[in-house]
Amino acid sequence: MNKAMNHVLFATAGYDHSIRLWYPHNAICYKMLQHNESQVNCMAFHPNRSLLASGGYQQVCIFDTQSSTQNLIVNLDGVVKNTIAIGFKDKGTCMYTAGENKTIKLWDIRSMKCSSEFVHSMPITALALHPNQIDFIYGDDNGDMFRWDTRTAQSEKLEMPEESKSTIRSISINQEGTMMAAVNNDGHCFYWLMSGGHDDQPPNLRRCTVNQVHKRYALKCLFSPDSTLLATSSADGTAKIWRTVDFSLESECKEPKDPKQQISSSKWIWDLAFTCDSEYLFTASSDKIARLWTVKTGEIKKDFIGHQKPIVCLAFSDI
């Protein structure tokens, strides 16, 4: 591996109880981590890039990605049901999780113990952290969305358009905290302009725009690092890339059809990740293949082949 590739980390996981680490430039898997007790629903690299956190059914694990021997550092206690979101805040001193147990938990990385938690009235289906590292936006099965202020431990319900009648599947906030998007089971994408969120002012949402971005379940939405694009993925086998300036379609990444199949069967695209230059997009698919696409044209650049069951999550870091 050349020196430049030392700065790129790419991991995929899903229902085969394994996490694979890849060299993105040649699609070669160089390490496999066992996740024996559960499928993997979500993953995130620590900001120092030496740790990888994963969430599954009644299991949250932290792995040392640089170790040549024992990779699993800890399997956290007190995790119930499926974890659907995981990530790091406050420069990596804190990890957060959320999921079917109706709870958002904050974990102290040094002690590996839960330091704070918030309990919702029903299972949490989507979660995003505001760039201010204070406010969480989360969604549920009713199509409702809320803001949790970790300083005051208070939660408030956000005003939603009438089209929001089904499960919120994914929420994304751009790096500047000026835009937010969410997608639901009906294939709708809700897009807001956002202000505030700094100097003790809570984030303020305005001018919600609703777009039918997919005809089947929408599964993921993600802003590009430069905030000019929003990617959405779906059970219809596509990832679509939209220009945030006018919500026009930049390109469509469409899964290839199997020529052996007489009847076309859609492959679900579960997860997405942009490269830091916003020029390429990774996807995780139920056909057991992760792919790298060119954003501008929607063409496949690389196939990452090796998983034995559907891939439902990925983690990527090239900063």
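Points worth noting:
- Projected-area mean, the range 180-230, by convex hull of Cα positions, square nanometres: 4.1 nm²
- Near VAL312, the amide H atoms lying under 5 Å from its own belong to ALA13, GLY14, TYR15; only residues 5 or more places off or on other chains count, and H is placed 1.01 Å from N.
- Solvent-accessible surface of the chain, taken per residue with a 1.4 Å probe and all protein chains present: 45 Å².
- Shape category assigned to the range 138-200 from the gyration tensor of Cα positions, a/c cut at 1.5: oblate
- Exposure ranking of LYS296, LYS81, LYS89, LYS31 by accessible area [1.4 Å probe, largest first]: LYS296, LYS81, LYS31, LYS89
- Shown here is the pair-distance distribution of the range 32-190: with all Cα-Cα distances grouped in 10 Å bins from zero up to the longest one, the shares run 11, 40, 35, 13, 2, 0 percent.
- In Hz, Karplus ³J(HN,Hα) per residue of the range 186-201 (6.51, -1.76, 1.60; θ = phi - 60°; x = Gly, Pro): 8, x, 7, 10, 9, 10, 10, 8, 10, 9, x, x, 9, 6, 6, 9
- Note on ASP318: accessible area approximately 40 square angstrom, rounded to 10, probe 1.4 Å, nucleic acids and ligands left out.
- Extending 7 Å from the Cα toward the beta-carbon at both SER50 and LYS157 defines two label points whose distance is 4.6 nm.
- Over all projection directions, the Cα-based convex hull of the chain averages an area of 16.0 nm².
- Per-residue SASA entry for HIS7, accessible area with 1.4 Å probe, Å² rounded to 10: 110 Å²
- Note on exposure: TYR15, TYR280 ranked by accessible area (1.4 Å probe, complete protein assembly) read TYR15, TYR280, with the most exposed listed first.
- Separation between Cα centres of the range 28-54 and the range 170-192, rounded to whole Å: 26 Å
- Solvent exposure ordering (accessible area, 1.4 Å, most first) of ASP140, ASP199, ASP77: ASP199, ASP77, ASP140
- Count of lysine pairs in the range 89-159 with Cα separation under 21 Å (8 or more residues apart, or interchain): 9
- Counting only heavy atoms of the protein chains and using a 1.4 Å probe, CYS276 has close to 70 Å² of accessible surface.
- FRET E, pair THR209, ILE300, Förster distance 35 Å, beta-carbon r, rounded to 0.05: 0.70
- Tensor-based shape of the range 91-173 (alpha-carbon gyration tensor, a/c under 1.5 rounded, otherwise prolate or oblate): prolate
- When only Cα pairs below 8 angstrom with a gap of at least 6 residues are kept, the chain shows a relative contact order of 13 percent.
- Coil-residue trypsin sites (Lys or Arg not before Pro) of the range 139-216, DSSP, other Cβ within 10 Å capped at 11: ARG151
- Residues whose placed amide H lies under 5 Å from that of LYS102, excluding near-sequence neighbours: ILE124
- Charge context of HIS35, other residues only, Cβ under 14 angstrom, K/R +1, D/E -1: +1
- With every protein chain in place, the chain: carbon and sulfur % of accessible area (1.4 Å): 47 percent
The values are calculated or read from the model by the stated rules, or taken from the named source; none is laboratory data. Small disclaimer: the values here were computed from a predicted structure and weren't measured. Every residue, glycine as well, gets a Cβ built from its backbone with ideal geometry; the counts of neighbours run over all protein chains shown. Keep in mind that these areas ignore ligands, DNA and RNA; they rest on the heavy atoms of the full protein, side chains included. Shrake-Rupley method; radii C 1.70, N 1.55, O 1.52, S 1.80 Å.
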